[in-house]
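Participant: Quick one: this structure, given as structure tokens, is what I'll be asking you about.
The values are calculated or read from the model by the stated rules, or taken from the named source; none is laboratory data. These figures come from a predicted structure and were not determined experimentally. FYI the Cβ positions are ideal-geometry reconstructions off the backbone, even for glycines, and counts take in every protein chain you see.
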Amino acid sequence: MRIAVAGATGNIGTLTVAALERDGHDVVRISRSHGVDLLTGSGLDDALTGVDAVVDVISSPAADPSETVPFFGTCTRNLLDAERRAGVRHHVLLSIAGVHRVEGNAHYAGKREQERLVINDTVPWTIVPATQFHDFPAMVTSWTEKNGAATLAPLLIQPIAPADVADILAELATGTPQGRYTDIAGPDPEDFVDMARRLNEARGHKLKLIPTWSTAFGLEMSGNTMLPSPNARLTPTTFDTWLTQQKKP
């Protein structure tokens, strides 16, 4: 199959491209570095020529809903419009488990807009809600790290390995549209602060961690809010297994 990956140079995008090529598919990389701009639509028609399915794993650099929602909305509209013109038969969107349970987070607001547009379009679709990735603690602490300390919320999550996410996206892209797919998650619940501590230790990075609720991660994310649904598809890679693969810089 000929499959396009939007956000192909990002973390999940790179892994998804690798999983699809490993299985013998012809992959089209959609990113600005490959001459395609989702915000303007430039290059999309050429990129989607002959494409059977599109996997959308784009992310937003913005941290404010007033910026994030328009970013995701514009990119998704342009992508879906081009898919209709090209006759694409399957749109696969990576979303977030529990995305409709959290109102205050900018990224969640943007993903809800993506879901709304995909659901209301005529291109057949699959939405894949995933829990947070194993490397999520490193990303969050990088946002707040200052003078050897970082703040982060005391979340309870059930993280999933990025490579496992990519494998499922590649599997679903080559099949028939599923509508809203079941949540996908790693095998075990984890304490977010403890994950960050263990990850920093594994990478040889000394950092004082200060648990606190913040604007980005408020009390609406406490308790079981971030955990997957009871019927979630659980992937095999534990956080400990993934952690052994992390090398000190």
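Participant: Being farther than 17 Å from Leu155 by Cβ and among the aliphatic types (A, V, I, L, M) narrows it down to one residue among Leu209, Leu219, Leu234; which is it? Explain how you work it out, then say what you get.
Facilitator: Working: Leu209 fails: farther than 17 Å from Leu155 by Cβ; Leu219 fails: farther than 17 Å from Leu155 by Cβ.
None of the others qualify; the one that does is Leu234.
Participant: Among the listed residues Ala150, Ala202, Ala166, which satisfies the condition of being within 30 Å of Arg85 (Cβ to Cβ) and in contact with a helix residue (DSSP H, G or I) (Cβ under 9 Å, 6 or more places away or on another chain)?
Facilitator: Values: Ala150 fails: within 30 Å of Arg85 (Cβ to Cβ); Ala202 fails: within 30 Å of Arg85 (Cβ to Cβ).
Only one candidate passes the filter, namely Ala166.
Participant: Can you name every residue in the range 172-188 that is without any contact (Cβ under 8 Å) to a residue 60 or more places away in the chain, crowded, with 16+ Cβ neighbours inside 10 Å and under 18 Å from Leu156 (Cβ atoms)?
Facilitator: Those that are without any contact (Cβ under 8 Å) to a residue 60 or more places away in the chain, crowded, with 16+ Cβ neighbours inside 10 Å and under 18 Å from Leu156 (Cβ atoms): Gly186, Pro187.
Participant: So, Val88, is that one under 20 Å from Pro177 (Cα atoms), of a type outside the set (S, T, N, Q) and either in a loop (DSSP other than H, G, I, E, B) or modelled with pLDDT under 95 (or both) or not? Walk me through how you get there before you give the answer.
Facilitator: Working: under 20 Å from Pro177 (Cα atoms): yes; of a type outside the set (S, T, N, Q): yes; either in a loop (DSSP other than H, G, I, E, B) or modelled with pLDDT under 95 (or both): yes.
So Val88 passes the test.
Participant: Which of the residues belonging to the range 119-132 are surrounded by 15 or more Cβ atoms within 10 Å (Cβ to Cβ), in contact with a helix residue (DSSP H, G or I) (Cβ under 7 Å, 6 or more places away or on another chain) and not in a strand (DSSP E or B)?
Facilitator: Within the range 119-132, Asp121, Val123 qualify.
Participant: Output the residues belonging to the range 91-111 that are assigned to a helix (DSSP H, G or I) and without any contact (Cβ under 8 Å) to a residue 40 or more places away in the chain.
Facilitator: Initial filter on the range 91-111 (assigned to a helix (DSSP H, G or I)): 106-111.
Tyr108, Lys111 - these are the residues of the range 91-111 that are assigned to a helix (DSSP H, G or I) and without any contact (Cβ under 8 Å) to a residue 40 or more places away in the chain.
Participant: Just name the residue that is modelled with the lowest pLDDT out of those in the range 207-238 that are within 20 Å of Asp64 (Cα to Cα) and surrounded by 15 or more Cβ atoms within 10 Å (Cβ to Cβ).
Facilitator: Here the residue is Ala216.
Participant: What pairs come up if the first residue lies in the range 64-79 and is assigned to a helix (DSSP H, G or I), the second is at pLDDT 90 or above and of a type in the set (Asp, Glu), and their beta carbons are under 7 Å apart, counting only those six or more places apart or on different chains?
Facilitator: As it stands, the answer is Val69/Glu113; Phe72/Glu113; Gly73/Glu113; Leu79/Asp56, since those pairs meet every condition given.
Participant: Further, regarding this structure: I need the full set of residues from the range 220-249 which are more than 22 Å from Asp167 (Cβ to Cβ), without any contact (Cβ under 8 Å) to a residue 60 or more places away in the chain and touching a Gly at 6+ places or on another chain (Cβ under 8 Å), in order please.
Facilitator: Lys248, Pro249, listed by residue number.
Participant: Another question about this same structure. Considering only the range 42-59, state which residues are surrounded by 19 or more Cβ atoms within 10 Å (Cβ to Cβ) and in a loop (DSSP other than H, G, I, E, B).
Facilitator: Within the range 42-59, Leu48, Val51, Val57, Ile58 meet the criteria.
Participant: Which of the residues spanning the range 54-109 are among the basic types (Lys, Arg) and closer than 23 Å to Ala216 by Cα? Outline the logic, then answer.
Facilitator: Our first condition is that a residue be among the basic types (Lys, Arg); within the range 54-109, this holds for 77, 84-85, 89, 101.
Of everything in the range 54-109, just one residue is among the basic types (Lys, Arg) and closer than 23 Å to Ala216 by Cα, namely Arg101.
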